[in-house]
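For reference, the structure is listed below as structure tokens.
Where a number appears in this text, it was derived from the coordinates with a stated rule and is not lab data. Bear in mind that the values here come from a model prediction, so they are computed numbers and not experimental data. Reconstructed Cβ throughout: ideal geometry from the backbone, glycine too, with neighbour counts over all protein chains shown.
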Amino acid sequence: MTRDTVVDWWFRNRETGEITIGQPPNPPVKVAMVAFGLRVILRPPGLLGTALGAVGTGAVVYWAGDEVLRGVNPYRRLLGATTLAGVAAVLKRRAR
């Protein structure tokens, strides 16, 4: 396999034929950024802090699952799967 073939397979958008590595943030990513940003900046105690964390985590999980199922190339699908694994590892560690 040549380098061009490998790059094409990993990064070629199966819908448009363009190379797709990153995209502008979609709604779940924007929700996660706002929720986590507010949590970091405001550091709200109690239920509000927990709610912001849950909303942010839920948005990331939704985005990652969507990438796994509907990602436009193998790179995007792997990015989603890796993100889901990372979230699962963090949640498992926090559950201890």
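Computed on segment 1-79, with alpha-carbon pairs under 8 angstrom and 6+ residues apart, the relative contact order is 37 percent. Over all other residues within a Cβ to Cβ distance under 14 Å of residue 86, the charged ones net out to +2, with Lys and Arg as +1 and Asp and Glu as -1. Among 22, 37, 46, which one shows the highest mean-square fluctuation when the chain is modelled as a Gaussian network with alpha-carbon springs under 10 Å? With Cα springs under 10 Å in the chain, the top fluctuation among 22, 37, 46 is at 46. The calculated FRET efficiency for the pair residue 1 and residue 94, based on their C-beta separation and a Förster distance of 35 Å, comes to about 0.25. Helix content alone sets the calculated 222 nm mean residue ellipticity of the chain: runs of n ≥ 4 DSSP H residues at -39500 (n - 2.57) each, divided across all residues, give -25500 deg cm²/dmol.
Using the membrane-span-like helix rule (whole DSSP H runs, Cα extent along the own axis of at least 30 Å, mean Kyte-Doolittle hydropathy at least 0.0), which helices of the chain qualify?
Answer set is 46-70, 74-95.
A protection proxy built from the mean count of other Cβ atoms within 10 Å ranks the segments 6-17, 60-71, most packed first, as 60-71, 6-17. Here P(r) over Cα pairs in 10 Å bins from 0, in percent was computed from the coordinates, and among (i) 14, 38, 38, 9, 0; (ii) 16, 37, 28, 14, 5, 1; (iii) 14, 46, 26, 9, 4, 1, 0 the match is (ii).
The residues packed around residue 8, meaning those with a beta-carbon under 13 Å from its beta-carbon, carry a net charge of +1 if Lys and Arg are +1 and Asp and Glu are -1. Charge tally for residue 63 (other residues, Cβ to Cβ under 15 Å; Lys, Arg +1; Asp, Glu -1): +2.
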